[in-house]
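Student: Next up is a structure, given as structure tokens.
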Amino acid sequence: MPPSAFLHLKGITKNFDGTQALKEVDFMAEAGEVHAIVGENGAGKSTLMKILAGALQPDVGVLLLEGKSIQPKSPQYAFRLGIRTVYQEFSLAPHLSVTENILLGQMPTGRFKWWVDWQQAYGRANELLESIGFKGVNVRSTISSLSVSHQQMVEIAKAVAQKPRILILDEPSAVLSQDELKQLFALIHRLKQESTLVLYISHRLDEVFEIADRITVLKDGETVGTVLPSATSENQLIKMMVGRPLEAIYPQRKKLPGKSILDVNSLNKVDIFSDVSFTVADGEILGMFGLVGSGRTEVARCIFAADTPDSGTIKIDSRTVHLKSPCDAVRTNMAMLTEDRKRDGLVMQCSICDNAGLATMRLVSRWSYLLRGQQKKLVQSKVQELSIRPADISRKVRELSGGNQQKVVLAKWLLSNAKLIILDEPTRGVDVATKVEIYHLIGELADAGAAIILISSELPEILGLSDRILVMREGRLAGEFDGVQADEESLLACAAGINV
């Protein structure tokens, strides 16, 4: 590419407390293209984009936009340059409405500047959401009341409310359904036609090959290379990302399911789900699939006592239980990896050690005193086993990449030695190599006798891991499939209520 590229990041270097996140990274992109940036967790993708977005400053390097040097010293400065970012972790104000978040700083006023014209504001927000294809979001609702997928839509709408010159999308599809993903891709195509540069970070390689014009690979904070999707394959891209070809993606199972561990009978929660009944045996991986809003997560939360069902029974080891809180669930040897790790799974300002040790404090306490030495020893062993980077257990989890944060949540529950494990979107936002690690870990847990409920929106994941698959639609169980005989078409048709 000629040196007069629309965007040129040249020799970008960044260090954090002795850890080199980026080393002399060169990156060039053109207006009107979708340029994907891929790599393992911790490769430096998000750090590079945060430098462009003004959230971080490089130690060394030059940023050129249309041949002119720029120095985004703050997100506000980058905003004035036309650079918009949709981060992997939401940056919305949860207690404000959808309208207030989308039009933040641009709320229409009446004759008196201190008076907000709410009708005009609601109309603008509605018009914007519909113009970009995101319908069905109530613009008067507070952000905290929305589903994760609708929150993502609002994030994207906020970013494109004023036409951006550069739009950075960091894992935008992780919480979107297939239909919502199609709407996002349609929006990206429209932005391309308007000469917007879209920088697309994703671990889902099928998406990258579908949407990207070019792909740049980062590894260990350095640029490996830039390729055309038409001139490479997923396997070649994976080899560039991890430095080696991957082994079999899904584990070969060794154990057949045994006796029932969990029996759910006629579980109901008004207006959410109804008459849900199923069992899970030891050594079994039970997949749960359904479109966004089908009720999968809500059922899991009731089983784990994070929410209270209105009726129905739950039996563990053939005994009816009346769990009043997640603490009760943990005492019955149950674990739940939640859909939203930032909100429900981690204490972001605390260390790796504090987070990974949350579920097992009672095991390393004497007379109400926490034995920190024992806790650190336990956590350190799990950090090494899961290859969490950096391995410094005193590091705050907010400083880790998304994939390493997910590993910390896994470490927390693995240390508890739970016999019933609920995994809600366990590989959301993690790279392909880490996904394979997690898949094999799930297989090992099942082989060791754990009963596992796997909730996932990724069909290959559900099909590759599950012994049985339940499909939910509109709050009800719509079908059950044998994991070996099921296929994507049958599961999607069942989830959508289509007879095939």
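The values are calculated or read from the model by the stated rules, or taken from the named source; none is laboratory data. Just so we're clear, the structure is a prediction, and the values are computed from it rather than from any experiment. As a convention, Cβ positions derive from the backbone with ideal geometry for all residues, glycine included, and neighbour counts pool all protein chains shown.
Student: Checking the structure you have, find out if any residue of region 70-86 is under 30 Å from D340 (Cβ atoms), charged (D, E, K, R), assigned by TED's automatic domain parsing to the domain that holds G221 and in contact (Cβ under 8 Å) with a residue 60 or more places away in the chain.
Tutor: yes
Student: Considering K255, K315, which residue is outside the structural domain of L470 (by TED's automatic domain parsing), surrounded by fewer than 18 Cβ atoms within 10 Å (Cβ to Cβ) and either in contact (Cβ under 8 Å) with a residue 40 or more places away in the chain or aromatic (F, W, Y) (or both)?
Tutor: K255
Student: Out of the residues in region 426-481 that are acidic (D, E) and either part of a loop (DSSP other than H, G, I, E, B) or in contact with an Asp or Glu (Cβ under 8 Å, 6 or more places away or on another chain) (or both), which is farthest from K239 (Cα to Cα)?
Tutor: Residue satisfying both the conditions and the ranking: E474.
Rundown of residues vs (1) among the polar types (S, T, N, Q); (2) modelled with pLDDT of 85 or more; (3) in contact with a Ser or Thr (Cβ under 8 Å, 6 or more places away or on another chain), yes/no style:
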| position | (1), (2), (3) |
| --- | --- |
| Y122 | no, yes, yes |
| E130 | no, yes, no |
| G136 | no, no, no |
| M153 | no, yes, no |
| F185 | no, yes, no |
| E194 | no, yes, no |
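Student: Take region 107-153 and flag every residue that is part of a helix (DSSP H, G or I), touching a residue at least 12 places away in the same chain (Cβ under 8 Å) and over 23 Å from P94 (Cβ atoms).
Tutor: Q120
For every residue, the table says whether it meets (1) surrounded by fewer than 18 Cβ atoms within 10 Å (Cβ to Cβ); (2) under 26 Å from G42 (Cβ atoms).
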{"position": "T109", "(1), (2)": "yes, no"}
{"position": "F134", "(1), (2)": "no, no"}
{"position": "V160", "(1), (2)": "no, no"}
{"position": "P172", "(1), (2)": "no, yes"}
{"position": "V198", "(1), (2)": "no, yes"}
{"position": "I201", "(1), (2)": "no, yes"}
{"position": "I211", "(1), (2)": "no, yes"}
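Student: Something else: For residues in region 88-99 being surrounded by fewer than 21 Cβ atoms within 10 Å (Cβ to Cβ) and over 15 Å from S149 (Cα atoms), which is nearest to the chain's Cα centre (by Cα)?
Tutor: Among those residues, the one meeting the criterion is A93.
Student: Please work out which residue is surrounded by the fewest Cβ atoms within 10 Å (Cβ to Cβ), limiting yourself to region 30-82 and to residues that are hydroxyl-bearing (S, T, Y) and not in a loop (DSSP other than H, G, I, E, B).
Tutor: So, considering only residues that are hydroxyl-bearing (S, T, Y) and not in a loop (DSSP other than H, G, I, E, B), the one surrounded by the fewest Cβ atoms within 10 Å (Cβ to Cβ) is S69.
Student: Sticking with this one: Do we have S91 as over 24 Å from G225 (Cβ atoms) and either modelled with pLDDT under 90 or in contact with a helix residue (DSSP H, G or I) (Cβ under 7 Å, 6 or more places away or on another chain) (or both) here?
Tutor: yes
Student: Yes or no: region 154-174 includes at least one residue that is of a type in the set (S, T, Y), under 28 Å from D344 (Cα atoms), assigned to a loop (DSSP other than H, G, I, E, B) and out of contact with any Cys (no Cβ under 6 Å at 6 or more places or on another chain).
Tutor: yes
Student: Please specify each residue of region 388-425 satisfying the condition of being of a type in the set (V, I, T) and not in a helix (DSSP H, G or I).
Tutor: I388, I393, I421, I422
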